[in-house]
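Contents: one structure, followed by commentary.
The values are calculated or read from the model by the stated rules, or taken from the named source; none is laboratory data. Note that the structure is a prediction, hence the values are computed from the model and not measured. Using ideal geometry, Cβ is built from the backbone for each residue, glycine included, and neighbour counts are taken over all protein chains shown. Protein only, heavy atoms only, side chains kept; ligands, DNA and RNA dropped before computing areas. Shrake-Rupley method; radii C 1.70, N 1.55, O 1.52, S 1.80 Å.
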Amino acid sequence: MKTSNLNIAAVFLLFFLSQRIQAQKTADAICATLLGYEQALMDGVATGDKALWNKYLHDSCLIAIENGEAVTKQKMIAELNPLPKGYIGKIKIIEPRCQMYGNTAVISFINDEYLELYGQKIHTQYRQTDTWVKTSSEWKLVAMQVFEIPKNPPPVTVSETILKQYNGTYQLSHERKCRVYVEAGKLYAQKDEKNIQELLPETENVFFRKGDGRVNVIFLKNTDGTYQMIERREGEDLVWKQSK
């Protein structure tokens, strides 16, 4: 009797595992198909392929673009045109991730864009996350979000004499302080024992944190000879005042 029960349990386990394996194969096949659609859409950006975008986008598709604007399918397609003369561009989808939720698929990937403008080359990357839904007959793109992945500009050379002007302690309050100092010709900001960041110069008084393209650090001289250290992110300023 026990052997019989074990055999039944084994059969159910094998059936369950085979069903899971088959479901995963189906999901993988769907994801591969949708990624093919995504790459075709990216190829259609350079050529301004309105028909292709009209085919895959749902009429009510929600589209959030890098400048924070939410646009409709109709507006996006209306503004989709071939690259101007003198422009050569291509977009390759890399690092894709796909999750299935019944008849819904969420795909996130990086658009690796290479653009050449009259001989000058620009490399930009965008993170894009799309939601696809299976309608009665086909897959449609119902939501899309795109934002540019920030990166640092190439640093310029600034003399150590200029950098040393910014030495000192800056504070938001009596409790929250930041020490700015020069070491071996490089400028550093230290907010606590473990948080030490190199500040790379974009100009003589505008810096960026290594590995963080979202925040500019700006030093401005006050009339009394002290400095302000301004952390600027997306147009919003956080001002640290130098202690006298």
Q: Tally the residues that are within 24 Å of Ile63 (Cα to Cα), out of contact with any helix residue (DSSP H, G or I) (no Cβ under 8 Å at 6 or more places or on another chain) and of a type in the set (D, E, K, R), restricting the search to the stretch 77-93.
A: 1
Q: Enumerate the pairs (first residue in the stretch 161-178 and at positive phi; second residue anywhere and assigned to a loop (DSSP other than H, G, I, E, B) and surrounded by 13 or more Cβ atoms within 10 Å (Cβ to Cβ)) with beta-carbon separation below 9 Å, excluding pairs fewer than 6 apart on the same chain, so at least 6 apart or on different chains.
A: Gly168/Thr226
Q: Within the stretch 191-220, count every residue that is assigned to a strand (DSSP E or B) and touching a residue at least 24 places away in the same chain (Cβ under 8 Å).
A: 5
Q: Report whether or not Leu52 is surrounded by 11 or more Cβ atoms within 10 Å (Cβ to Cβ), in a loop (DSSP other than H, G, I, E, B) and not acidic (Asp, Glu).
A: no
Q) When Gln228 is evaluated against the numbered criteria (1) more than 23 Å from the chain's Cα centre (by Cα); (2) within 30 Å of His58 (Cα to Cα); (3) part of a strand (DSSP E or B); (4) not aliphatic (A, V, I, L, M), which criterion, by number, is the only one it fails? A) (2)
Q. Quick one: in the stretch 62-86, which of the residues that are in contact (Cβ under 8 Å) with a residue 40 or more places away in the chain and assigned to a loop (DSSP other than H, G, I, E, B) is surrounded by the most Cβ atoms within 10 Å (Cβ to Cβ)?
A. Ile65
Q | Residue list for the stretch 66-75, restricted to those being under 20 Å from the mean Cα position of the chain (by Cα) and within 26 Å of Lys134 (Cα to Cα) | A | Ala70, Val71
(Q) Quick check on my filter: what residues within the stretch 205-225 are of a type outside the set (A, V, I, L, M, F, W, C) and either within 25 Å of the chain's Cα centre (by Cα) or open to solvent by less than 30 Å² (accessible area, probe 1.4 Å) (or both)? (A) Arg209, Lys210, Gly211, Asp212, Gly213, Arg214, Asn216
Q | Selected residue (only one of Tyr114, Tyr87 is farther than 22 Å from Leu34 by Cβ and within 23 Å of the chain's Cα centre (by Cα)) | A | Tyr114
Q. On the given criteria, is Lys25 within 15 Å of Gln99 (Cα to Cα), open to solvent by 80 Å² or more (accessible area, probe 1.4 Å) and either modelled with pLDDT under 60 or of a type in the set (Lys, Arg) (or both)?
A. yes
**Q.** The listed residue being touching a Phe, Trp or Tyr at 6+ places or on another chain (Cβ under 7 Å), more than 16 Å from Trp240 (Cβ to Cβ) and open to solvent by 50 Å² or more (accessible area, probe 1.4 Å), out of Glu183, Glu193, Glu202
**A.** Glu202
